[in-house]
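Peer 1: Have a look at this one.
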Amino acid sequence: MLVSWKWLNELVEIEQTPEEIANLLTMSGIEVEGIISSEIDLHTQFLKVGLIEEVTKHPQADKLVICKLDVGDGQSRIIVTGASNVQAGQKVPVALPGAVLVGGKMIKPAVLRGVASDGMLCSADELGIEVDKIPPEQRTGIYILPDDVAIGADVVKVLNLDDVVLELGLTPNRADCLGMVNVAREIAALTGGKLHLPQVEDSVEGGECAKLTRVDIEAKDLCQRYVARLIKDIKITPSPLWLQQRLMAVGVRPINNVVDVTNYIMMETGQPLHAFDYDCLKGKRIVVRRANEGEEIVTLDGQLRKLNPEMLVIADEERAVGIAGVMGGLDTEVTASTKTILLESAYFHGPSIRRTSYALGLRSEASMRFEKAVDLEQARFVADRTVQLLVEIGAGTPVDGCVDCYPVREEKQPIKLRIKRVNQILGTDISPETMEEILKSLRIKIVEKNEEGWLLLPPTYRRDIELEVDFIEEIARLYDYEKIPTTLPEGTTTQGMRTAEQKLCKKIRKTMVAQGLMEVITYSFINPQQLDDLGLPDGHPLRETIAIQNPLSEEQSVMRTTLLPGLLAIVQKNINKQNKNLKLFEMGKVFYVNGFPTEKRLPTEKLFLAAVSTGEKEKSWAYQAEKYDFYYLKGVVENLLEVIGYTLNEVSFENADNLPGLHPGRSAIIKVKGKEIGVLGEVHPLTLEKLGIDQKVAMFNINVESLPIENRGHKMLVVPVTKYPAVRRDLAIVVPEEVNTGAVEALIRKKAGSRLKELRLFDLYRGEQIQEGYKSLAFSLTWQAPDKTLTDDEVKELHQKIDQALQKEFGADLRR
Amino acid sequence: MREQLHLLKEKAEKEILQCTSLNDLNDFRIKYLGKKGELTQILRGMGKLSAEERPLIGQLANEVRDSLESKLQELTEVIKKKELERSLSAEKIDITLPGIRPELGRQHPLSIVIEEIEEIFMGMGFTIEEGPEIELDYYNFEALNIPKDHPAREMQDSFYISPEVLLRTHTSPVQARTMEKMRPQLPVKIIVPGKVYRRDDDATHSPMFHQVEGLLIDKNVRFSDLKGVLLNFARQMFGANQKIRLRPSFFPFTEPSAEVDISCIMCKGAGCRTCGHTGWLEILGSGMVHPRVLEMGGYNPEEVSGFAFGMGVERITMLKYGIDDLRLLFENDVRFLRQF
């Protein structure tokens, strides 16, 4: 909502500056988002209205003309201009030397292609007028002024350039401030300034008007009140300049006197109005009803609109002539030939207007106001006020009387406000006197008063006040939030803490970071194409996505079922920016249909941890490069599972050859205590190719919620560090290539028992001295007992047991 | 024999001077003082000596041994010192070569800030609650006093899954869910961090962003308590001298409602570009829980009261780290992430 400072000052006496008022309003809940003032220097007196006496061609330049002007100082001036819309007899804004225009442009005498020019003719733009607020024909070229302005007058005053505009950011509850009068009332409540609201002589119900027309409200649930008045002898002209300027100041484009007055009154009172060409109404009557199935109407903007029975229309005897509260129909539009108008001032059901304007994609100043509820009680007053102004500017003659169709009068019940409750909710000690003063300043009616408090009726334009607590807010905001004390809650002391699940998440995040991975956050919605890129077969469960009905784009149209696509997209983007060595992780939810919506009211959400790595830790002057490959991420997983409470004996990796998006020969299922918790692998080369990634990428994906609960987040009791010495022995075997190292390790651990403290593969060798199809594995075993020093013989015996088992199981050739 | 000893001493004293390494010294010791060394060889002849001569020769032999041993000792130390010096100087490194830095991981700035907010409120006795990101219209709107067709729904353009199911537009539905779960217990004292979604995508809006919601319901909770808790938060988050300012505002689920500003962290309130020359930065919305919300949650507004607040994590993160473009937070460029 734009508020003209000059206009405001006519409605309420203000001693403060615009900045002071802006601050007062902001601190009482009507946020002033900006103060707009003219960019030109308003005080030079060098901007004059000039009459063009003569226009001649410039002898040297085709695109220039020479204007002879009278600017009221008794002499003719020559000004050269490049504009093509000037003609003798026009009045135009003239910037004389010394004037300062938009952008600080100072006007000086100049010589243009050999002709001396004593100033400049101005366009709207150069005067700092926003061109989208003025009629299209005035937007380019010199701004042509109306004929009735005085030659030599100050253009600043003529065009109202010295007005200041306050930009209000209104919350939905304060739709009343979509009318200037209510903004003035708010200021009066804040400053005590005297109000000067328009006074109108009430029309009488019935009269001539009622003889000439009638109103029937059929849809009483959608229209509570409809006031109609008639104005005859209509003469359509442009509005007087003052009216045009008012509208322009508040962002409304002037059109003609009738339309401008209805817009002006809407801006003044907040009540939208509509004028029909009375002679175009079939049967000369108004019916307010639901649209018929399949009914159509061409609206003022020339568009054919299809209507449905959920929409409220204004109709005559035969057809819809307007979409109620949204836009009028073209057939009954006020035109140059209109003789009599029927003026509508009505109250429509906000939600219905909202639905209709949404459905039609038609949002107007009127619909915006109806949606948020206008003042039901002032409908008649506003109609009368409009007629008054139309008559005042000579647009027509009133027909006496009015039709006021108001079938069910609204009876508001008074609301109780308790003094004690006010101070209890606010934590204040405000006196009843102060409270009463505030209530009165807001024109809240005190119906009854006693020691406990009051029975109150809010003014009819404040439809947001419905409960005791609403009055409490009114008192608080006028009392000033800043004056309310600052305290701390006095209730029960509580312990703030994380749940076991929340602790686990924190630990996972910290462990991933500690291992050198970077956390990323990606959107929860993805492009279904990204699932195709993973090579998921038709009917794969991960393809059962939850679709957003109104996505912003295809890229963000379904909820992710896996974190992998998001991470791969980040990998791709980073590689494109030359960040080729990456170790990333994300913790976030994925979304499964899982019986939604037939069996479950909501889809299933699962928390996942996923990581990707690619590239390497680059070779330094001291060390070799280390790849961020499958085995790197496998190590990350092992560390993670250990830190969050599992021993490596409980963790296993199993070959898997058809995991979605993964290389069939390089992927594994991760199990903890035999239960599947996630997958680890290298991203499938075809997927990488589709994404244009030309380096290998490893990934893992863990369902955090599937981690066996008994260990989740809890580190097992610490095992005391034994004081008895450890014994280290190496063990090297040659096994066939197809034997999994994991199986060898598992067997060693099984046979070794609890005294084996560490088992580490330190060499994997193929080649010379090893038979083709075989590999050599070299392990280092650390033995230790908690209660004694192990003897050589004991260790030897353990190794023999292991050796035998390995030979038997894998046909291993032992080398030592 | 005396002669022999003298000769031995003379010869040994000459020879020891030829020793240049610890190895030489060891050889020397073996040659003269070892079990089969020359001195020992000579002393083997002691048995043939007379009783008078024996102690004298014995004494002389001891003197020779002691003298050689002390020379040996002396020289060992000298050589050891020299060898150490030699090896230290040979081991000299170029300390200006770059260090080998272990690669550090980083938490995402948004997750750092969420954690920080959690810690602050946990310190004030709030527990952490969570809720679904795909939510029922009932919890997202209706239970929060935003019935269908309420103009306030416009403030939050939503992503719909079905007419009754949507991506939550704020973390506030967890207020309603928690009340339902806990009623009639008191106090309800929670914060709710999480992802939220709105149909907006431009330089200052992301279709997915993060909020932290707060709720306290107890007997006799006052608006002044809200001010105190938020002031405490602002000071821990942005610095001990922070001021806050509450402005009346509107949210359907609170009444009275307030926007909360903090004094601008860039200019300390003097006015600058960041704060639009007002000296204040809007960081959160808050208010006293609306009586209808309490009722729908199963609490009697005549008996209990409460406050609620909600803040945008992106906004706070951007202010805290001086990030001027929201999109950086979701681009996940590692050069950006590495800075946290």
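The values are calculated or read from the model by the stated rules, or taken from the named source; none is laboratory data. Since this is a predicted model, take the numbers as computed values, not measurements. Cβ: placed from backbone, ideal geometry, glycine included. Neighbour counts: every protein chain shown.
Peer 1: Pick from the range A:64-77 the residues that are out of contact with any Leu (no Cβ under 8 Å at 6 or more places or on another chain) and either small (Gly, Ala, Ser) or at pLDDT 90 or above (or both): which of them is nearest to residue A:115 (Cα to Cα)? Step through it out loud before you land on a result.
Peer 2: From the range A:64-77, those out of contact with any Leu (no Cβ under 8 Å at 6 or more places or on another chain) are A:65-66, A:68, A:72-75; that's our starting set.
Those left that are additionally either small (Gly, Ala, Ser) or at pLDDT 90 or above (or both): A:65-66, A:68, A:72, A:74.
Working: A:65: 10, A:66: 8, A:68: 12, A:72: 22, A:74: 21 Å.
Checking each candidate, the answer is A:66.
Peer 1: Listed residues A:589, A:617, A:580; which is within 11 Å of chain B (Cβ to nearest Cβ), out of contact with any Lys or Arg (no Cβ under 9 Å at 6 or more places or on another chain), touching a residue at least 12 places away in the same chain (Cβ under 8 Å) and within 23 Å of residue B:332 (Cα to Cα)? Please lay out each step first, then the result.
Peer 2: Numbers: A:589 fails: out of contact with any Lys or Arg (no Cβ under 9 Å at 6 or more places or on another chain); A:617 fails: out of contact with any Lys or Arg (no Cβ under 9 Å at 6 or more places or on another chain).
So the residue among A:589, A:617, A:580 that is within 11 Å of chain B (Cβ to nearest Cβ), out of contact with any Lys or Arg (no Cβ under 9 Å at 6 or more places or on another chain), touching a residue at least 12 places away in the same chain (Cβ under 8 Å) and within 23 Å of residue B:332 (Cα to Cα) is A:580.
Peer 1: Sticking with this structure for a sec: Among (1) closer than 29 Å to residue A:488 by Cα; (2) within 12 Å of chain B (Cβ to nearest Cβ), where does residue A:452 come up short?
Peer 2: For residue A:452, the exception is condition (2).
Peer 1: Follow-up. Which members of the range A:592-614 meet the condition of being in contact (Cβ under 8 Å) with a residue 24 or more places away in the chain and at the interface with chain B (Cβ under 10 Å from one of its Cβ atoms)? Show your work before the answer.
Peer 2: From the range A:592-614, those in contact (Cβ under 8 Å) with a residue 24 or more places away in the chain are A:592-593, A:596, A:603, A:606-614; that's our starting set.
Scanning the range A:592-614 gives A:596, A:603, A:607.
One line per residue, one yes/no per condition, for (1) surrounded by 21 or more Cβ atoms within 10 Å (Cβ to Cβ); (2) at pLDDT 95 or above; (3) not assigned by TED's automatic domain parsing to the domain that holds residue B:307:
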site: B:232; (1), (2), (3): no, yes, no
site: B:239; (1), (2), (3): no, no, no
site: B:242; (1), (2), (3): no, no, no
site: B:258; (1), (2), (3): yes, yes, no
site: B:262; (1), (2), (3): yes, no, no
site: B:269; (1), (2), (3): no, no, no
site: B:273; (1), (2), (3): no, no, no
site: B:276; (1), (2), (3): no, no, no
site: B:279; (1), (2), (3): no, no, no
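Peer 1: If you don't mind, another one. Among the residues of the range B:188-231 satisfying the criterion of being of a type in the set (A, V, I, L, M) and farther than 30 Å from residue A:490 by Cβ, which is farthest from the other protein chains (Cβ to nearest Cβ)?
Peer 2: B:203
Peer 1: Going by the structure shown, is residue B:167 in the same structural domain as residue B:326 (by TED's automatic domain parsing), within 21 Å of residue B:197 (Cβ to Cβ), surrounded by 12 or more Cβ atoms within 10 Å (Cβ to Cβ) and touching an Asp or Glu at 6+ places or on another chain (Cβ under 9 Å)?
Peer 2: Details: in the same structural domain as residue B:326 (by TED's automatic domain parsing): yes; within 21 Å of residue B:197 (Cβ to Cβ): yes; surrounded by 12 or more Cβ atoms within 10 Å (Cβ to Cβ): yes; touching an Asp or Glu at 6+ places or on another chain (Cβ under 9 Å): yes.
Taking the combined requirement at face value, the residue satisfies it.
Peer 1: Any residue that is more than 10 Å from every other protein chain (Cβ to nearest Cβ), in a loop (DSSP other than H, G, I, E, B), touching a residue at least 12 places away in the same chain (Cβ under 8 Å) and surrounded by fewer than 19 Cβ atoms within 10 Å (Cβ to Cβ) - is there at least one of those in the range B:172-187? First the steps, then the outcome.
Peer 2: Just the residues of the range B:172-187 that are more than 10 Å from every other protein chain (Cβ to nearest Cβ), to begin with: B:172-185.
When the remaining residues are screened for being in a loop (DSSP other than H, G, I, E, B), the result is B:172, B:183-185.
Next, from what is left, pick out any that are touching a residue at least 12 places away in the same chain (Cβ under 8 Å): B:172, B:183-184.
From what's left, surrounded by fewer than 19 Cβ atoms within 10 Å (Cβ to Cβ): B:183-184.
Yes, the conditions are met somewhere in the range B:172-187.
Peer 1: Does residue B:225 fit the bill of being assigned to a loop (DSSP other than H, G, I, E, B) and in contact (Cβ under 8 Å) with a residue 12 or more places away in the chain? Show your work before the answer.
Peer 2: Values: assigned to a loop (DSSP other than H, G, I, E, B): no; in contact (Cβ under 8 Å) with a residue 12 or more places away in the chain: yes.
The answer is no for residue B:225.
Peer 1: Scan A:352, A:337, A:345 and give me the residue that is away from chain B (no Cβ under 14 Å), among the polar types (S, T, N, Q) and under 23 Å from residue A:269 (Cβ atoms). Please lay out each step first, then the result.
Peer 2: Numbers: A:352 fails: away from chain B (no Cβ under 14 Å); A:337 fails: under 23 Å from residue A:269 (Cβ atoms).
On inspection, the qualifying residue turns out to be A:345.
Peer 1: With A:555, A:519 as the choices, which residue is within 12 Å of another protein chain (Cβ to nearest Cβ) and either surrounded by fewer than 16 Cβ atoms within 10 Å (Cβ to Cβ) or in contact with a Gly (Cβ under 6 Å, 6 or more places away or on another chain) (or both)?
Peer 2: Values: A:519 fails: either surrounded by fewer than 16 Cβ atoms within 10 Å (Cβ to Cβ) or in contact with a Gly (Cβ under 6 Å, 6 or more places away or on another chain) (or both).
Exactly one of A:555, A:519 is within 12 Å of another protein chain (Cβ to nearest Cβ) and either surrounded by fewer than 16 Cβ atoms within 10 Å (Cβ to Cβ) or in contact with a Gly (Cβ under 6 Å, 6 or more places away or on another chain) (or both), namely A:555.
Peer 1: Next up: Scan A:396, A:361 and give me the residue that is surrounded by fewer than 18 Cβ atoms within 10 Å (Cβ to Cβ) and either farther than 23 Å from residue A:287 by Cβ or touching a Cys at 6+ places or on another chain (Cβ under 9 Å) (or both).
Peer 2: A:361
Peer 1: Let me ask you something else. How many of the residues in the range A:779-798 are out of contact with any helix residue (DSSP H, G or I) (no Cβ under 9 Å at 6 or more places or on another chain) and buried (at least 16 other Cβ atoms within 10 Å of the Cβ)?
Peer 2: Selection size over the range A:779-798: 0.
Peer 1: Scan B:39, B:43, B:17, B:33 and give me the residue that is of a type outside the set (S, T, N, Q), touching an Asp or Glu at 6+ places or on another chain (Cβ under 8 Å) and without any contact (Cβ under 8 Å) to a residue 60 or more places away in the chain.
Peer 2: Working: B:39 fails: touching an Asp or Glu at 6+ places or on another chain (Cβ under 8 Å); B:43 fails: touching an Asp or Glu at 6+ places or on another chain (Cβ under 8 Å); B:17 fails: touching an Asp or Glu at 6+ places or on another chain (Cβ under 8 Å).
That would be B:33, the only listed residue that is of a type outside the set (S, T, N, Q), touching an Asp or Glu at 6+ places or on another chain (Cβ under 8 Å) and without any contact (Cβ under 8 Å) to a residue 60 or more places away in the chain.
Peer 1: Restricting attention to the range B:296-311, which residues are within 11 Å of chain A (Cβ to nearest Cβ) and outside any strand (DSSP E or B)?
Peer 2: The initial filter retains those residues of the range B:296-311 that are within 11 Å of chain A (Cβ to nearest Cβ), namely B:301-302, B:304-307.
Correct list: B:301, B:302, B:304.
Peer 1: Let me ask something else about it. Exactly one of (1) farther than 30 Å from residue A:485 by Cβ; (2) outside any helix (DSSP H, G or I) is unmet by residue B:216. Its number?
Peer 2: Result: residue B:216 passes all but (1).
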